[in-house]
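Undergrad: Sharing a structure below in structure tokens format, with a few things to ask.
The values are calculated or read from the model by the stated rules, or taken from the named source; none is laboratory data. Please read all numbers here as calculations on a predicted model, not as lab measurements. Here the Cβ is made from the backbone with ideal geometry for all residues, glycine too, and neighbour counts use every protein chain on show.
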Amino acid sequence: MNLVVFATACFLAAALSLAARRSDRLSVTIGLIGLLAALLLALAWDTSTPQRVAQESVGGDPFLRLFLVNGLLATLLLTLLGVTVSPPSSAAAAEASAATDRPAGAGLRGLVELPSAALIVFGSAAIALSVTSPMAALLAAVAAGFAAPLGFGLGRASAPLPRIAIGALRNLAVAAAIVIIATSTLVAMADPLGGEPFAVGLAFVGVAGAVFLRLGSIPFHRLVVAPTVNGVSLAVPLLIAWAPIVLVIVAMAVLGAGLPALELPLSMERSVVLAAAAISILLGAAVAAVQDDIHHLVAYSVVAQSGFVLLAVATFDPPPWAAARVWLLVFGLTTTALVGWALALHATIGSARLDDLAGWTRRSPGLAVALVAIVVASLGLPGLAVFDARRELVGDALAGPLGSVVVIGGYVAVVAYARLLWVGFGAPSAAVIAARDWRVRRPVVEPDRPVASASAGPPIAAGSNPNRRLTGSPAGLADRGITSPGARSTDLGRSSRAISRRDPTSTARGGRASETAPATAAIPTRGPDRSARAELARIEVIIRRWVGANVAPAAAALVLGLALLSVLAALGIPNVRQAAAADRPVPLAGSPISGSNPLPSISLQPVASP
Amino acid sequence: MTPLLLAASGAVVVGGVLCVTARDVRLIVSGLVLALIAGPLLVDPLPTAGPMAAGLVAALLAGDLAWLALRDRPAAATGARPGARIGWVPEMLLAVTAFVVGLSLGHDPGAPFSGLGAGDLARGAALALLVLALPQVLVGASSGRIGAGVLLLVAAALLGRGALGGSPSPLESLVAALLEVAAAGSVAVVLGLAPGHRPEGHRIAPPAVDPPSRPNAGVAPAPFTRDRRSARDTRPSAGSDRAPDPLPDRTSYRRAGRAADPLAERSAGRKPNRAAER
């Protein structure tokens, strides 16, 4: 296993998945298989052996494998979460979902292209973090960023978000131009800018500004907030976390290798970058605490966390290499987990507003546990690897009272999460009462519903899950914009558990409370003409019914998986600290950790102060 | 400075101008491909066969992706006003001026064009592309113009890297080709599937207007009157060969019903109809 095999497999699977976009199901299946294959290839990658590609030596390090495995696994879980909370992949269902505020449509819009985008991002990331040449690494990191907008899910006529996607394209293009020119200036120091402290400072600010743009830090936070406002949150982790992380690692290596050799203090430029980072941390956490929409809350929390990444970029003499890599890994995982958590809660309750989410922990205790785990992984506790990484990043960048303010301000984000939990433990709202709880239920085919074709299901009313029978009061359903003739009438004060027990149509098979599921697909009957294909279709229908009848527990389980990944990384398992501090067999872009030959490809000459 | 380098730099500038000013989609894509093909040649020494082939394939692939996205939607490529906002002559002058400034940077002001090399030409071409592309990216009149600007901006950055760092290594050339294809693919996916895009405006396709309800259909509206908006309709005027403009305007919304106009809803103090807006 080597870089060529991994990158080729990633790009090939992405191309196949994109080529099969006319069939959503086929495209997602190919994408999931590709993600799984890439994950296995990353696990099998022997990063300790350098190789020669295009006349250059390439090689990875333990952190590269850790990054790829965690990123691919998190994206795989996020894709499965999208599949779980999304309606069937027909154009009519997508249109119906897009016409409502239901999260199902949001999941579908970014779902089909998400695996392809992730495969291209991680394939490019493998190149960026393996090659020796700093410019080749930088160009690969920029290419990874350009793949991320594919996850906006513009693959169908119902996708309505060209303005956001084009805004992301603009952002990427401007950041790419800035960072390529600035890094070229730093690496080559060619005439007419060579040796000028002003030019070096400008190049440093350019690299930092490009990182600002890509991370969506304040004042460029629209990149983060706009997609979440419009419900394309599946693309957010790739766009603002995983792809920029690669750029940050390469930029840190280039800055850390080049700037100390010039012996320029760059105090003013560093002050500008540090001030912007501190503003992102403080303002992001403060704004997150007053949001009434969970997607907005998550977006601003991510903005606040991205400030610590900027602190790492601003510290280049010497760079906090190990702490930054630990934090970057945890940042990617917690961003993915937070986005998944918001999507799952939205799908479970049917609303993203805090007013409607009162008492949500009673319906989704699994999601409550996941939120606590994600918060711990994100903010850290003493003894955790992430806690030490945060402290080191702030301590190296900011000294004195300002550092203390940033450390304390970073924990203001706790207020936002505590508010979420406080709301969750309150009296349940109508939407929460109408929502289903976390228990696993058996799907039951409703006899009086028409049976439709398996290949082309009927348009789904109000964007609801096709296999999900809506329960709750008519008033509660009307508040959620859903009208269903089959919805059962209940009192607001009763729990859905009691409702299910009293409703004779909802109890079946041993008296267990069951979810009634309409028959959206015909199960092939047994008989002489029964074929393997029919059997597969039958199995698929059964799986779809089970998943459709258990959206809430399935989503909670997947989010718990994402939270577990985050917690493990925050704890430093497996060997995160060692991998983050490990040396590479082939130095990356003049990496400062590369021992005896730290600057193999960079020829920066110290210049005398004027 | 060899004739090949001079021709390549000229091709980059001409291709860039063509890309941002042409009215026809074929010319836009041709200009883009010309700039992308000629850009990697502005290095000294010239790249070897492998990286050059990779750059050529990447440029052609990027052009193909742009063509696939825009071939059936000429209006999305050019926007409400075909051609450049300030006309092709000013754009050309702007690009040539930027090219000359780039050439002279770093030289003795007394003899700004003495001893020009590949790096100088690459710097001039990069500056020219930057001047052409940046306005398109930031304030492009249509999604097609913005997408073309994005690709030109990436090409300008790669040229700038060549100007500052000299001839790239084979691996770097391969990765640069990958970057071009990734950017073109992303642009193609976003542009090819986005409805007529106006950055400051709405993001839904306008409703069709019934021709009989338009008494002035097919008649050129008087300038500086309100009826001028009717010329920007979704359907081509009778007897007109001009491509339809997909950009919505308030007039067409008003004809189709007030609920479909989110801006009107907002100005009236009501919550806009999100479903219609989508």
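Undergrad: Out of the residues in segment B:164-195 meeting the condition of being at the interface with chain A (Cβ under 7 Å from one of its Cβ atoms) and closer than 15 Å to A:Ile166 by Cβ, tell me which one is modelled with the highest pLDDT.
TA: B:Ala183
Undergrad: Further question on the same structure: Scan segment A:109-131 for residues that are at the interface with chain B (Cβ under 8 Å from one of its Cβ atoms) and either more than 22 Å from A:Val339 (Cα to Cα) or modelled with pLDDT of 90 or more (or both) and report the count.
TA: Of the residues in segment A:109-131, 4 are at the interface with chain B (Cβ under 8 Å from one of its Cβ atoms) and either more than 22 Å from A:Val339 (Cα to Cα) or modelled with pLDDT of 90 or more (or both).
Undergrad: Moving on. Please pick out the residue among B:Gly160, B:Gly140 that is surrounded by 24 or more Cβ atoms within 10 Å (Cβ to Cβ), within 12 Å of the chain's Cα centre (by Cα) and either at the interface with another protein chain (Cβ under 7 Å from one of its Cβ atoms) or in contact (Cβ under 8 Å) with a residue 24 or more places away in the chain (or both).
TA: Testing whether each residue is surrounded by 24 or more Cβ atoms within 10 Å (Cβ to Cβ), within 12 Å of the chain's Cα centre (by Cα) and either at the interface with another protein chain (Cβ under 7 Å from one of its Cβ atoms) or in contact (Cβ under 8 Å) with a residue 24 or more places away in the chain (or both) leaves just B:Gly140.
Undergrad: A follow-up question, please. Applying the selection to segment B:143-153, what residues are at the interface with chain A (Cβ under 7 Å from one of its Cβ atoms) and within 9 Å of B:Leu130 (Cα to Cα)?
TA: Of everything in segment B:143-153, just one residue is at the interface with chain A (Cβ under 7 Å from one of its Cβ atoms) and within 9 Å of B:Leu130 (Cα to Cα), namely B:Leu153.
Undergrad: If A:Trp341 meets every condition in (1) of a type in the set (A, V, I, L, M, F, W, C); (2) farther than 21 Å from A:Val224 by Cβ; (3) touching a residue at least 40 places away in the same chain (Cβ under 8 Å) apart from one, which number is that one?
TA: (2)
Undergrad: Being assigned by TED's automatic domain parsing to the domain that holds A:Ala413, part of a helix (DSSP H, G or I) and out of contact with any helix residue (DSSP H, G or I) (no Cβ under 6 Å at 6 or more places or on another chain) is the requirement here; does A:Phe387 meet it? Explain how you work it out, then say what you get.
TA: Values: assigned by TED's automatic domain parsing to the domain that holds A:Ala413: yes; part of a helix (DSSP H, G or I): yes; out of contact with any helix residue (DSSP H, G or I) (no Cβ under 6 Å at 6 or more places or on another chain): yes.
For A:Phe387, the condition - assigned by TED's automatic domain parsing to the domain that holds A:Ala413, part of a helix (DSSP H, G or I) and out of contact with any helix residue (DSSP H, G or I) (no Cβ under 6 Å at 6 or more places or on another chain) - is met.
Undergrad: Report the residue count in segment A:286-310 for those that are buried (at least 24 other Cβ atoms within 10 Å of the Cβ) and farther than 16 Å from A:Gly216 by Cβ.
TA: Of the residues in that region, 1 qualify.
Undergrad: A:Ala352 - would you say it is buried (at least 23 other Cβ atoms within 10 Å of the Cβ), under 26 Å from A:Gly82 (Cβ atoms) and modelled with pLDDT of 85 or more?
TA: no
Undergrad: Related question: Could you grab me the full set of residues in segment A:393-440 that are charged (D, E, K, R) and at pLDDT 85 or above?
TA: Result: A:Arg419, single match.
Undergrad: Oh, and also: Pairs, please: C-beta under 6 Å, at least 6 apart or cross-chain, first residue of a type in the set (D, E, K, R) and in segment B:15-30, second surrounded by fewer than 23 Cβ atoms within 10 Å (Cβ to Cβ)?
TA: Once the first residue is of a type in the set (D, E, K, R) and sits in segment B:15-30, its partners that are surrounded by fewer than 23 Cβ atoms within 10 Å (Cβ to Cβ) give B:Arg23/B:Pro82; B:Arg23/B:Gly83.
Undergrad: I'd like to know if segment B:61-75 contains one or more residues that are touching an Asp or Glu at 6+ places or on another chain (Cβ under 9 Å) and modelled with pLDDT under 75.
TA: Within segment B:61-75, one or more residues are touching an Asp or Glu at 6+ places or on another chain (Cβ under 9 Å) and modelled with pLDDT under 75.
Undergrad: Can you say whether B:Phe99 is modelled with pLDDT of 85 or more and away from chain A (no Cβ under 11 Å), as far as the supplied structure shows?
TA: So B:Phe99 passes the test.
Undergrad: Take B:Ala156 and decide whether it is farther than 17 Å from A:Ala136 by Cβ and in a helix (DSSP H, G or I).
TA: Here the answer is yes, as B:Ala156 does meet what is asked.
One line per residue, one yes/no per condition, for (1) closer than 22 Å to A:Gln578 by Cβ; (2) touching a residue at least 60 places away in the same chain (Cβ under 8 Å):
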{"site": "A:Val4", "(1), (2)": "no, no"}
{"site": "A:Ala19", "(1), (2)": "no, no"}
{"site": "A:Thr29", "(1), (2)": "no, no"}
{"site": "A:Ala44", "(1), (2)": "yes, no"}
{"site": "A:Thr49", "(1), (2)": "yes, yes"}
{"site": "A:Gly60", "(1), (2)": "yes, yes"}
{"site": "A:Val69", "(1), (2)": "yes, no"}
{"site": "A:Leu76", "(1), (2)": "no, no"}
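Undergrad: Which one of the conditions (1) at pLDDT 90 or above; (2) in contact with a helix residue (DSSP H, G or I) (Cβ under 6 Å, 6 or more places away or on another chain) does A:Leu12 fail to meet, given that it meets all the rest?
TA: Looking at each condition in turn, A:Leu12 falls short on (2).
Undergrad: Also, I was wondering about something else. Given the criteria at pLDDT 85 or above and in the same structural domain as B:Pro45 (by TED's automatic domain parsing), does B:Ala126 qualify?
TA: It is true that B:Ala126 is at pLDDT 85 or above and in the same structural domain as B:Pro45 (by TED's automatic domain parsing).
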